[in-house]
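All of the numbers you see were taken from the coordinates with simple rules; none came from a lab. Here the structure is a predicted model, which is why all the values come from computation and not from measurement. Neighbour counts are summed over all protein chains in view; Cβ atoms, including those assigned to glycine, are modelled from backbone coordinates with ideal geometry.
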Amino acid sequence: MKQIMLYCRAGFESETGAEFAALAEKYENWGYVRASKDSGFAIYETYQQEDADALSLVPIRSLIFARQLIFGDTINFEPEDRVGPILAQVAELGPFSELRIETLDTNDGKSLNRLAKKLNIPLTKGLEKQDKLNPKDNQLPVLHVCLIAGTQAFVGTSEPGRHSPYLNGIMRLRVPSAAPSRSTLKLDEALLSFFSEAELKARMTSGMKAIDLGACPGGWTYQLVRRGLFVTSVDNGSMAESLMETGQVKHYREDGFGFDPKRKPVAWIQRQFANGKRLRWPENAPSEWMVCDMADKPRRVVHMLLEWFQQGNTRNAIVNLKLPMKARWEEVQTCMNILRDELPTGMVIKAKHLYHDREEITVFVGYPKM
């Protein structure tokens, strides 16, 4: 097996392939990308088996555009017998902790959902007959059967602790009835994606202060309020009355880019940026969190983000970077390189094209917890 399949949002196949190819080249695991526009996936095919073996261990959380990473092969079968060829394909593999029969996040993919459900029972029974399923051992790889068409599937495995735990690589969330906009799901998914429960508890606790730039009508503020934070919401528009009634929100009718948290720069934080001293958790930041979903050029948002940390105005930040229509991967590389070059060594930087994102990626920057 020399193929690696990467699930992604339809329309982002080239970015997904380009990102993975850049990673593979960095570690000298050579291959090439196959991607069709709006297919919802890209395939990286290696020249050598050992290159595929190495790349199959890449954790999905380290990739921005890919939702899931599967190591395997594409197979074809006849409509009269789909189960037999799939079982034959995995005859030398296993055991597995789980079987996932998946479809792609496209209209064509959704049309195969009924077939996926139909295949579940006979494939499960076939694997059980071969003694290849052991749900009690979560250290075993997961077996994926991704239906590409009615007569074609990608069959492969993903490694425990390195894959997305969700079917199709998608975290599906419901819009809370009290949320003022669907954008609330972007921050909810970001927090659940970037941190384990313990990590989030260490960084975000009830009573903390947060600043939401470009807040109206309050989708992101809602997520902070429901977690017990006190929020300064900044936007020229109007906030949802339900949020203002909580007593946890203060609204400033100002442009988010020009907002000053009214604190003087913390000199020792500025010195850390200047000479690379060992990081310390800033004790005097006016907010524990800054979040921003303003629509503007991604580099402008990145430079604003840097300024907030350079001025000691926050300890953690989540921002969305709205991507251009062309050269999206190149713009992402530029923005991430700016952050890595300008932030002190040791800062935590994470980025992901979330399911609830569209033409944007979500970025977290924060001090390491000490």
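Report the one residue of Ile121, Met5, Leu140 whose Cα lies farthest in the direction of the positive end of the charge dipole of region 3-166 (charges on C-beta: Lys and Arg +1, Asp and Glu -1; origin at the Cα centre).
Value computed over the given set: Ile121.
Nothing charged except the Cβ atoms of Lys and Arg (+1) and of Asp and Glu (-1): what's the magnitude of the dipole of the chain about its Cα centre? Round to the nearest 20 debye.
1200
Considering only C-alpha atoms, what is the centroid distance from region 149-165 to region 68-145, in Å?
Using only Cα atoms, the two centres lie 8 Å from each other.
Round to the nearest 10 and give me the degree value, 0 to 90, for the angle of helix 113-129's Cα axis relative to the longest principal axis of the chain.
60
Which one of Phe12, Phe77, Phe194 has the biggest mean-square fluctuation once the chain is modelled by GNM with Cα springs under 10 Å?
Top of the fluctuation ranking is Phe77.
Could you point to the residue in Gly17, Trp30, Val175 farthest towards the positive end of the chain's charge dipole, with +1 and -1 charges on the Cβ of Lys/Arg and Asp/Glu respectively?
It is Val175.
Please identify, among Leu187, Leu119, Leu321, the residue showing maximal mean-square fluctuation in a Gaussian network model of the chain using a 10 angstrom Cα cutoff.
Among Leu187, Leu119, Leu321, the largest mean-square fluctuation in the Gaussian network model of the chain belongs to Leu119.
Enter the Cα centre distance for the pair region 1-56 and region 309-370, rounded to the nearest angstrom.
Between the Cα centres of region 1-56 and region 309-370 lies a distance of 23 Å.
Which of rounded, prolate or oblate describes region 65-167 when judged by the alpha-carbon gyration tensor and an a/c cut-off of 1.5?
It is oblate, given that a/c is not under 1.5 and a/b is not larger than b/c.
Based on DSSP H runs of at least 4 residues, each adding -39500 (n - 2.57), what is the mean residue ellipticity at 222 nm of the chain after dividing by all its residues, to the nearest 500 deg cm²/dmol?
-9000 deg cm²/dmol
Please tell me which of these pairs span more than 26 angstrom C-alpha to C-alpha: Lys297/Lys352; Lys110/Lys352; Lys132/Lys186?
Lys132/Lys186
Using a ≥ b ≥ c from the Cα gyration tensor of region 184-366 (square roots of the eigenvalues), is it rounded, prolate or oblate, where a/c under 1.5 gives rounded and otherwise the larger of a/b and b/c decides, a/b for prolate?
Rounded is the answer for region 184-366, as its axis ratio a/c remains below 1.5.
Rounded, prolate or oblate: which fits region 11-111 when a ≥ b ≥ c are the square roots of the eigenvalues of the alpha-carbon gyration tensor, with rounded for a/c under 1.5 and prolate only if a/b beats b/c?
Cα axes put region 11-111 in the oblate bin.
Among (i) 28, 56, 17, 0; (ii) 29, 58, 12, 0; (iii) 27, 51, 21, 1, only one was calculated for this model; which label is it, if the read-out is P(r) over Cα pairs in 20 Å bins from 0, in percent?
(iii)
Among Thr246, Trp308, Val319, flag the residue with its Cα farthest along the positive direction of the charge dipole of the chain, charges on Cβ as +1 for Lys/Arg and -1 for Asp/Glu.
The residue sitting farthest along the positive end of the dipole is Thr246.
Just want to confirm a number: the relative contact order over the chain, from Cα pairs under 8 angstrom separated by 6+ residues, in percent.
13 percent.
Kindly state, to the nearest 0.05, the FRET efficiency for Asp296 paired with Asp260, given R0 = 22 Å and r defined as their beta-carbon distance.
So the FRET efficiency works out to roughly 0.75.
Go through region 107-153 and name the trypsin sites (Lys or Arg not before Pro) that are in a DSSP coil and have 14 or fewer other Cβ atoms within 10 Å of their Cβ.
Of the trypsin sites (Lys or Arg not before Pro), the ones in loops of region 107-153 whose Cβ has at most 14 other Cβ atoms within 10 Å are Lys136.
Once the piece of chain linking Leu23 and Ile349 is laid out straight, how much longer is it, given 0.36 nm per residue of separation minus the C-alpha distance between them?
Contour length minus the Cα-Cα distance gives 115.7 nm.
If I build a Gaussian network model for the chain, linking alpha-carbon pairs within less than 10 angstrom, which residue out of Thr314, Thr16, Thr151 has the largest mean-square fluctuation?
Among Thr314, Thr16, Thr151, the largest GNM mean-square fluctuation belongs to Thr151.
Treating the beta-carbon of each Lys and Arg as +1 and of each Asp and Glu as -1, no other charges, what is the dipole magnitude of region 3-166 about its Cα centre, to the nearest 20 debye?
720
If you take every DSSP beta bridge whose two residues both sit in the chain, what share of them, in percent to the nearest 5, is antiparallel?
60
Mind putting a number on the dipole of region 184-366 about its Cα centre? Charges go on the C-beta only, +1 for Lys and Arg and -1 for Asp and Glu, and I need it in Debye to the nearest 20.
Charge dipole, region 184-366, about its Cα centre: 640 debye, nearest 20.
Taking the simple approach of a point 7 Å from Cα along Cα-to-Cβ for both Lys117 and Leu173, what is their distance in nm?
2.7
For each pair in Lys136/Lys201; Lys326/Lys350; Lys201/Lys350; Lys322/Lys350; Lys250/Lys350, compute the distance between the two Cα atoms and list the pairs where it is over 19 Å.
Lys136/Lys201; Lys326/Lys350; Lys250/Lys350
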